[in-house]
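Okay, structure first, notes after.
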Amino acid sequence: MIPCLVVTHGNLGAELIRLVELVLGPMEGLASISNENRSMAKLKADIRKWLEDPNVATAGGVLLFVDNHASSCATTAQIACAAIENCVILSGVNLAMLIGYASRRESMTLEQLVPELLQIGRQAITQLDLPDG
Amino acid sequence: MEILLARIDDRFIHGQVTVGWSQILRPDRIVLANNEIAADPWQGRVYSSAVPPGIRVSILSTSQTVAALKSPNETFGEDETGILLAGNPMDMYFIHRHGMNLARVNVGGMHYGEGKREMLPFVYVNKEELAVFNSFLTSGATLSAQQLPGGKETIIDQAMIDRVEVGF
């Protein structure tokens, strides 16, 4: 199972996980962290702490989501993960991606999962039909 | 280079700077003054990639920043405008006292950490930072605490510094 940390502004990560768990049930190994009221140094330290958790460190691969590229969440996650092997960070997390992760994390390797999640995330961003007129 | 905004922000290049301030001030360049980031090309690339297209970026040590601002034509384009970022008051004061004489310093974000006390909801200071705030005021600079343009501005004055100092 590939552990996952969702790094976001405000309460977004925790809410996304809450909604995933409403659909799929409790998710061990899926956690969130917010940059709210955290300096970059503290956020970096807390991401590192999660990465060093034995259950995460021995998983053979880890996934991080951030909500927005070019943000303090993204830069801090990149810097925190700089020396971590088999670690992937995906930006632009949405509910579809997170449900995609949660339902595939047992059956796929990180290498297989990443392109799949990018596709799922992009497919979820689309203009919806409305009746003419 | 004309400094449009000299900002203390421990998150450096992020949305409040690249969207909030940059969309109003339209700087040609963002100058990030930080010794650790300037010494690590990879971290420098990470921060540079967070700057929107159309804005140039320089990541320099505090000494390099002073040198570049003193002879701007060698490092920066002629008539450029810029946002100057430092991660803490000490780095900004280094630049200030080495000849930049900043009239106004924006305090944009100093988050909670161990040994810090709240001055404002987005400004937490330790003893050293408080002393540097004092030095800024003594030098005649104005300290303006404001996260975003159009947002509430609070001038950090001596009374505010004294109030926090009592808590230490």
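Which one is modelled with the lowest pLDDT, of the residues in the stretch B:1-15 that are aliphatic (A, V, I, L, M) and open to solvent by 20 Å² or more (accessible area, probe 1.4 Å)?
In this case the residue turns out to be B:M1.
Within the stretch A:82-89, identify whether any single residue is open to solvent by less than 10 Å² (accessible area, probe 1.4 Å), closer than 27 Å to B:P52 by Cα and under 15 Å from the mean Cα position of the chain (by Cα), and answer yes or no. No, that holds for no residue.
In a residue-by-residue description of the stretch A:20-42, the property of being open to solvent by 60 Å² or more (accessible area, probe 1.4 Å) and within 16 Å of A:L110 (Cβ to Cβ) applies to no position.
Remark: A:I89 falls outside the filter, which requires a residue to be within 16 Å of A:K44 (Cα to Cα), touching a strand residue (DSSP E or B) at 6+ places or on another chain (Cβ under 9 Å) and more than 12 Å from chain B (Cβ to nearest Cβ).
Note on the stretch A:22-31: among residues that are out of contact with any Leu (no Cβ under 7 Å at 6 or more places or on another chain) and either farther than 13 Å from A:A96 by Cα or among the β-branched types (V, I, T) (or both), the one that is farthest from the other protein chains (Cβ to nearest Cβ) is A:G25.
Among the residues of the stretch B:2-20, those identified as more than 10 Å from the chain's Cα centre (by Cα) and more than 14 Å from chain A (Cβ to nearest Cβ) are B:E2, B:I3, B:L4. Here the stretch A:43-72 is the region considered, the condition is being basic (K, R) and open to solvent by 70 Å² or more (accessible area, probe 1.4 Å), and the residue that is nearest to A:A82 (Cα to Cα) is A:R48.
Scan the stretch B:126-139 and give yes if some residue there is within 14 Å of chain A (Cβ to nearest Cβ), among the charged types (D, E, K, R) and assigned to a loop (DSSP other than H, G, I, E, B), otherwise no.
Taking every residue of the stretch B:126-139 in turn, none turns out to be within 14 Å of chain A (Cβ to nearest Cβ), among the charged types (D, E, K, R) and assigned to a loop (DSSP other than H, G, I, E, B).
The values are calculated or read from the model by the stated rules, or taken from the named source; none is laboratory data. None of these values were measured; they are calculated from a predicted model. Because the Cβ atoms are built from the backbone with ideal geometry, glycine has one as well, and the counts that use them run over all protein chains shown. Just so you know, the surface numbers come from the protein's heavy atoms only, side chains and all, with ligands and any DNA or RNA stripped out. Shrake-Rupley method; radii C 1.70, N 1.55, O 1.52, S 1.80 Å.
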